[in-house]
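Take this structure first; my questions come after.
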């Protein structure tokens, strides 16, 4: 345990974290922190780079072996995904969620490659905490600088005179999008913002438009691709090459938990992977059954020798993956998940930690800062 800063609420609000105590429930928690050695940080950073490499190989494998059925990808979208993969449009970021007990190698739980949040907390908020609470230490955190550099890399490839940013109206998504927009502007990119429901379609020009009738030619969207295709399938698929989408449509593959089974199929026994299958537990004594597209721990079943634990939600109709249970990582009765960020073309960028009392990390799991010597 550590002593929180006397004015910590005002400090995190100054850095943009508006929901540090939503509905009276602590989300940001600086009464605790995680202490790593430099060797452990090197291990975590190296694992993040290795997983990104494996995912790149898995993307090629999926394309070459036409494995779209495993991911429940709609048939009309498959040719567009192939084209986008081959043309390598820009991507900005992703977050690997890892379990690490300090003894065994870090294990991949899933890859949030399309709509990852808790970014501002990992980048700016915990960095300022370290400067003020642990000034003689360091932190695995170059997220902010790498995001600005990543946007600078993307800038020459943008179409039109501005990059539009969009998300749903909920506080977390809007805050994450606002932060990403700020880093893009620091890279010299002109931006505009609107919510998803404000995206218009001009049937005469066959173009997406914003509220001022400006054509949307480059769009960052913090909105799942499967939902985008549900809302705008024909419009997107017939005009995809006329716009620049960030994240690109092929992120549907990496953000789908079927990826876990494909990775295990390709690299069985890899020290950073957990056994995973798409057609049942294959004799695993303890496992987690996850919907392919669920978020925030919804509709997850944890099967242990002592019984099952299940969460509720609206997912599961798309199918499931069965993944081996990671070695217990428990510290002071809390279970941390390491959210390890990558900035595309800039590699591993930092880490944010969410911890929970139970076996499933959900939307109420707290964010706890870290440092290393």
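The values are calculated or read from the model by the stated rules, or taken from the named source; none is laboratory data. Worth saying up front: this structure is predicted, and the values here are computed from it rather than measured. Cβ placement follows ideal geometry from the backbone for every residue including glycine, while neighbour counts extend to all protein chains displayed.
Being more than 20 Å from the chain's Cα centre (by Cα) and either assigned to a strand (DSSP E or B) or touching a residue at least 60 places away in the same chain (Cβ under 8 Å) (or both): is that true of residue 282 here?
no
Would you pick out the residues in the stretch 323-333 that are over 20 Å from residue 116 (Cβ atoms) and either in a loop (DSSP other than H, G, I, E, B) or in contact (Cβ under 8 Å) with a residue 60 or more places away in the chain (or both)?
Answer for the stretch 323-333, where residues must be over 20 Å from residue 116 (Cβ atoms) and either in a loop (DSSP other than H, G, I, E, B) or in contact (Cβ under 8 Å) with a residue 60 or more places away in the chain (or both): 325, 327, 328, 329, 330, 331, 332, 333.
Could you list all residues from the stretch 149-161 that are surrounded by fewer than 18 Cβ atoms within 10 Å (Cβ to Cβ) and free of Cβ contacts under 8 Å to residues at least 60 places away in the same chain?
152, 155, 156, 160, 161
Still on this structure: Of everything in the stretch 130-163, what is closer than 21 Å to residue 245 by Cβ and in a loop (DSSP other than H, G, I, E, B)? Give them in sequence order.
158, 159, 160, 161, 162
Pull up the stretch 173-204, narrow it to residues that are farther than 14 Å from residue 216 by Cα, outside any helix (DSSP H, G or I) and touching a residue at least 12 places away in the same chain (Cβ under 8 Å), then point me to the one that is farthest from the chain's Cα centre (by Cα).
188
Also, I was wondering about something else. For the stretch 33-53, what are the residues that are buried (at least 18 other Cβ atoms within 10 Å of the Cβ) and either in a loop (DSSP other than H, G, I, E, B) or outside the structural domain of residue 350 (by TED's automatic domain parsing) (or both)?
Scanning the stretch 33-53 gives a single hit, 33.
For the stretch 11-21, what are the residues that are without any contact (Cβ under 8 Å) to a residue 40 or more places away in the chain and either under 21 Å from the mean Cα position of the chain (by Cα) or not assigned by TED's automatic domain parsing to the domain that holds residue 170 (or both)?
Matches in the stretch 11-21: 20 only.
Sticking with this one: Return the residue satisfying two criteria in turn: it lies in the stretch 348-368 and is under 18 Å from the mean Cα position of the chain (by Cα) and not in a strand (DSSP E or B), and of such residues it is nearest to residue 326 (Cα to Cα).
Across the stretch 348-368, the extreme among qualifying residues is 360.
For the stretch 68-88, indicate whether the set of residues that are surrounded by 21 or more Cβ atoms within 10 Å (Cβ to Cβ) and within 26 Å of residue 369 (Cβ to Cβ) is non-empty.
No, that holds for no residue.
Checking the structure you have, find out if any residue of the stretch 262-275 is part of a helix (DSSP H, G or I), in contact with a helix residue (DSSP H, G or I) (Cβ under 7 Å, 6 or more places away or on another chain), modelled with pLDDT of 95 or more and surrounded by fewer than 17 Cβ atoms within 10 Å (Cβ to Cβ).
yes
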